[in-house]
Amino acid sequence: MEEIKDSLVFKGVAERLTLGITRILENMPGVVDVRFVERDPAEKRSLLSWEQKNTCILPEDLRDFYLTTDGFTLTWSVKLDNECVPLGCMMINSVARLSPLLQPVSLFSLPNAPSLADLDWEENSTEIGTGHAPAAPHFDSRSRIFELDSCGGNGKVCLVYKNCTAGVVAQQSEIWFLDRSLCWHFLTTTFSSYYRLMITHLGLPEWQYGFTPYGPSPQSKQWASLYQPLTFSCEHSLPDPAGDSHLNKLDPTKAFKGKAKVPAPKKKQSAQCSLGSTAKNQGSTGRHIGAKR
């Protein structure tokens with residue numbers, strides 16, 4: 001009986017964590033092998049130890065998340081030609097894997113070896129945000145960056161603390177996406193908002209690139225149009241310089257138009273008849289004119 005109660009409790013917790021997305025995925029055509037990894041809650045002492053080690057205060061919503069489950073993993077696949085192909089992956093690193101993106105310089109590294117901090121040489125472009133966008137994080141000590149999701153090698157979703165001072169505890173954080181070209185893109189101000197975005201996008205490949213000026217790859221767009229048509233069609237894409245859209249426009253009135261009521265041979269026959277009658281009329285008119293003469 002206790003095992004049944006525990007399974008029911010976990011099922012309720014999993015339902016709240018996934019926002020019911022597992023049932024939606026299982027009902028989608030072609031989706032197979034939907035897996036949600038069960039994790040125990042993180043201990044409070046591990047959270048306190050992380051904050052003391054990194055001189056940062058975890059956001060309240062992220063702290064509550066870790067006190068519910070120490071990380072998050074939900075994957076699903078699609079069946080193509082009788083073969084299961086992994087497609088969706090939603091992941092939040094555990095507290096132990098919430099490691100700094102900027103590791104300290106090793107004693108064995110070369111003295112003139114380049115580092116990520118060398119990318120912050122443009123002071124004016126990094127200090128001031130463009131338009132309404134917030135200022136991008138720095139790769140030096142001014143920012144403290146921690147990896148939430150490795151995005152399968154397509155980039156990194158990071159928990160970022162900006163405007164940091166050495167020895168001072170950082171409290172304000174944001175969620176940013178670092179693409180493979182080491183450019184920053186703002187996602188959300190809170191972890192809860194990012195979590196909802198992750199669930200809404202079903203963990204599809206490169207969905208974070210929808211918040212970049214260049215967007216995801218064509219293959220990822222095809223997957224999104226198949227398994228996420230409503231959200232994908234509502235996303236605002238940048239206009240093409242030539243004025244053409246990247247998506248094919250389908251006109252149902254032209255694509256699904258039925259056959260013509262009058263077949264093509266009959267049209268030609270009717271046209272020939274009309275030409276013949278015109279020729280007869282012209283001939284009779286000529287005869288009448290000749291008779292008058």
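Any read-out appearing in this document is the output of simple, stated calculations on the displayed coordinates, not a laboratory observation. Owing to the predicted nature of the structure, the values given are computational and were not obtained by experimental measurement. Note that each Cβ is placed from the backbone with ideal geometry, even for glycine, and that neighbours are counted across all protein chains shown.
For this structure, a couple of remarks:
- Rounded FRET efficiency, nearest 0.05, which uses the C-beta distance separating Ile57 from Val37 and R0 of 25 Å: 0.35
- Cross-link pairs Lys44/Lys156; Lys44/Lys221; Lys44/Lys79 - those with Cα-Cα distance over 30 Å: Lys44/Lys221; Lys44/Lys79
- Near Arg63: Cβ cut-off under 11 Å, other residues only, Lys/Arg at +1 and Asp/Glu at -1. The net charge is -3.
- Cα gyration tensor category, rounded, prolate or oblate, for segment 152-205 with a/c compared to 1.5: oblate
- Counting charges near Asp33 (Lys, Arg +1; Asp, Glu -1) among other residues having Cβ under 13 Å from its Cβ returns a value of 0.
- Using a Förster distance of 35 Å, the FRET efficiency for Gln219-Asp64 (Cβ separation, nearest 0.05): 0.45
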